[in-house]
Amino acid sequence: MAIGVVLASTMVHAADIDQLVQKRGDAGVELADQIWRFAELGYQEVESSRALQTMLKARGFDLQTGVADIPTAFVASFGSGGTTIGILAEFDALPGLSQAAEPSRNPRVEGAAGHACGHHLFGAASVTAALAIADWLQETGHAGRIKVFGTPAEEGGSGKVYIARAGLFEDVDVVLHWHPGSSNSASPYATTANKSGRFTFHGKAAHAASAPDKGRSALDGVEVMNYMVNMMREHVPQTSRIHYVITDGGDAPNIVPEQAQVYYYVRHPQAETVVGLFDRVVNAAKAAAMGTETEVDIEVMHGNYPVLPNHTLSKLVDDNLRALGGISYTKAENDFARTLRKTLIKPNLKLGSQRVIQPFQFRQNMGSTDVGDVSWLVPTVGFTTATWVPGTPAHSWQAVAAGGTSIGHKGMILAARLIGKSGVDLLQKPELIKAAAAELKTAQGPNFKYAALLGNRNPPLDYRN
Ligand SMILES: [Zn+2]
Ligand SMILES: [Zn+2]
């Protein structure tokens with residue numbers, strides 16, 4: 001009898017974070033499905049942001065909404081004293097990739113947006129983990145604070161950069177985040193820095209056949225600029241990435257285009273290299289305008305630092321991921337995966353790899369994310385789980401499809417459990433945070449001073465209009 005009483009009281013005090021997360025699993029999945037259906041674009045995520053906020057508010061989180069002059073950005077805080085853990089939550093979708101939860105191409109709403117980067121799972125898992133950590137704080141009476149950052153417009157809107165620039169990460173000791181993927185990995189990784197801009201050329205309209213000498217073509221400006229940048233490619237560091245789309249090429253062939261626009265992204269693993277390359281692209285634009293007797297307006301659209309890995313934190317999260325293990329599919333999920341994989345070009349992972357954790361080794365990712373800026377300010381750690389059928393690339397309809405099924409849900413729950421476990425570990429191990437902070441300081445170098453690559457521009461709230 002006496003032993004039974006002791007055990008019971010021990011159990012109350014040793015609140016099990018994993019159980020607390022799993023208890024909230026069904027509600028988390030429902031939240032993810034809801035945001036998957038909303039599929040709202042960057043800075044327009046009104047319903048998605050509200051759904052996440054509602055869950056946090058119901059658990060007693062204090063909400064700051066509309067932070068950093070972004071209506072859909074928020075910070076939700078719980079607890080007091082001790083360590084402050086930040087958790088990032090994304091929720092924006094991508095244009096044109098609407099897709100039903102089926103293994104063959106079938107838009108749910110023709111031409112509409114879809115969660116092709118899995119940010120519905122990202123937001124829902126982060127919030128689910130935060131709620132469970134709040135439960136844990138309350139049950140244990142442990143000191144500590146949890147802050148959820150609702151970060152809009154990751155896809156080309158740099159939501160986190162404005163939140164970072166506003167100083168909202170200043171009182172945070174460590175940041176946890178994750179990303180949906182097609183494998184399970186907590187290896188340390190870096191991304192590229194990225195800076196983008198819209199170049200709008202202004203010419204003079206005229207009849208293209210009867211008075212071409214009276215016109216000056218804005219499209220010529222765009223084409224000459226592109227030609228120069230394409231020549232430049234031979235003379236840039238090999239790990240650079242420069243890509244563009246012509247967003248306006250004029251209206252009709254018989255009118256000399258009065259306006260034309262090209263939208264550029266410039267990337268490289270080093271932020272200062274990106275700044276230099278972007279300046280060279282700007283020079284090409286100015287020279288093109290001069291040579292075509294047009295004018296050019298340049299608007300910097302977004303800019304991200306490269307993600308700075310933190311090996312101290314990655315090791316902790318990797319250990320926890322290995323303890324939790326990978327994901328197994330039911331027969332129906334395997335059937336779905338096999339059918340879907342027939343639509344992929346040479347999948348780089350085998351079906352079944354969702355069951356394993358990838359080896360712990362540094363990876364250089366050529367994509368970019370606004371998590372980069374956060375990682376230069378606060379020790380930050382991220383990971384991926386297999387929310388998509390192995391071999392699925394991000395930004396594909398196949399990612400939207402799996403993200404709306406139990407395959408996506410399983411990856412999401414694994415992510416929530418891993419954030420929960422790692423968050424509670426960090427609350428209990430201040431020495432680990434100290435080591436992570438020392439690692440960040442060394443990586444920053446002695447003269448580091450944060451300056452957003454996008455300068456002092458305001459959030460481009462209408463960039464998806
Ligand atoms: Zn993406
Ligand atoms: Zn993403």
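The table below lists the values:
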quantity: Between 0 and 90°, nearest 10: helix 46-58 axis offset from the chain longest Cα axis; calculated: 20 degrees
quantity: Equivalent ellipsoid, segment 87-182 (semi-axes from 5 times Cα gyration tensor eigenvalues, Å); calculated: 31, 18, 8
quantity: Cross-link pairs beyond the 31 Å C-alpha cut-off, checked among Lys57/Lys429; Lys429/Lys449; Lys346/Lys410; Lys315/Lys449; Lys195/Lys342; Lys147/Lys331; calculated: Lys195/Lys342; Lys147/Lys331
quantity: Cα long-axis angle, helix 311-324 against the chain (0 to 90 degrees, to the nearest 10); calculated: 60 degrees
quantity: Summed residue charge, Cβ within 15 Å of Asn304's Cβ, Lys/Arg positive, Asp/Glu negative; calculated: -1
quantity: Whichever lysines have a C-alpha closer than 23 Å to that of Lys204, once near sequence neighbours (fewer than 8 apart) are set aside; calculated: Lys214, Lys286
quantity: Loop GluC sites (Glu not before Pro), segment 31-128 (other Cβ atoms within 10 Å of the site Cβ: 12 or fewer; DSSP); calculated: Glu110
quantity: Scattering profile of the chain at q = 0.07, 0.11 Å⁻¹ [log10 I(q)/I(0), Debye over alpha-carbon scatterers]; calculated: -0.39, -0.89
quantity: ³J(HN,Hα), Karplus 6.51/-1.76/1.60, whole Hz, each residue of segment 394-407, x for Gly, Pro; calculated: 5, 6, 10, 5, 5, 5, 4, 4, 5, x, x, 10, 5, 5
quantity: Longest exposed-site-free window of the chain, the sites being chymotrypsin sites (Phe, Trp or Tyr not before Pro) in a DSSP loop that have at most 15 other C-beta atoms within 10 Å; calculated: 1-361
quantity: Charge tally in the Cβ shell below 13 Å around Gln64, where Lys, Arg are +1 and Asp, Glu are -1, Gln64 excluded; calculated: -1
quantity: Segment 375-465 shape via C-alpha gyration tensor axes, a/c threshold 1.5; calculated: oblate
quantity: Helix-only mean residue ellipticity at 222 nm for the chain, each DSSP H run of n ≥ 4 adding -39500 (n - 2.57), per residue, nearest 500; calculated: -13000 deg cm²/dmol
quantity: Stokes-Einstein D in µm²/s, Kirkwood radius over Cα pairs - segment 314-465 at 4 °C with 1.567 mPa s viscosity; calculated: 71 µm²/s
quantity: Largest to smallest principal axis extent of the C-alpha atoms in segment 254-349, angstrom; calculated: 64, 43, 20
quantity: Crossing angle, helix 430-444 versus the chain [Cα axis fit, 0-90 degrees, rounded to tens]; calculated: 20 degrees
quantity: In sequence order, calculated HN-Hα J values of segment 273-282 (Karplus, 6.51, -1.76, 1.60; Hz; x Gly/Pro); calculated: 5, 4, 4, x, 5, 4, 4, 5, 5, 4
quantity: Average Cα contact separation per residue, the chain, under 8 Å, 6 or more apart, as relative contact order %; calculated: 23 percent
quantity: At 0.890 mPa s and 25 °C, Stokes diffusion of segment 51-135 via Kirkwood alpha-carbon radius, µm² per second; calculated: 167 µm²/s
quantity: Base-10 log of normalised Debye intensity for segment 193-304 (one unit scatterer per alpha-carbon) at q = 0.21 Å⁻¹; calculated: -1.01
quantity: Qualifying trypsin sites (Lys or Arg not before Pro) for segment 263-362 [loop in DSSP, other Cβ within 10 Å: at most 11]; calculated: Lys342, Lys350
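Values in this text are rule-based calculations from the coordinates and carry no lab data. None of these values were measured; they are calculated from a predicted model. Glycine also receives a Cβ, built like all others from the backbone with ideal geometry; neighbour counts cover every protein chain displayed.
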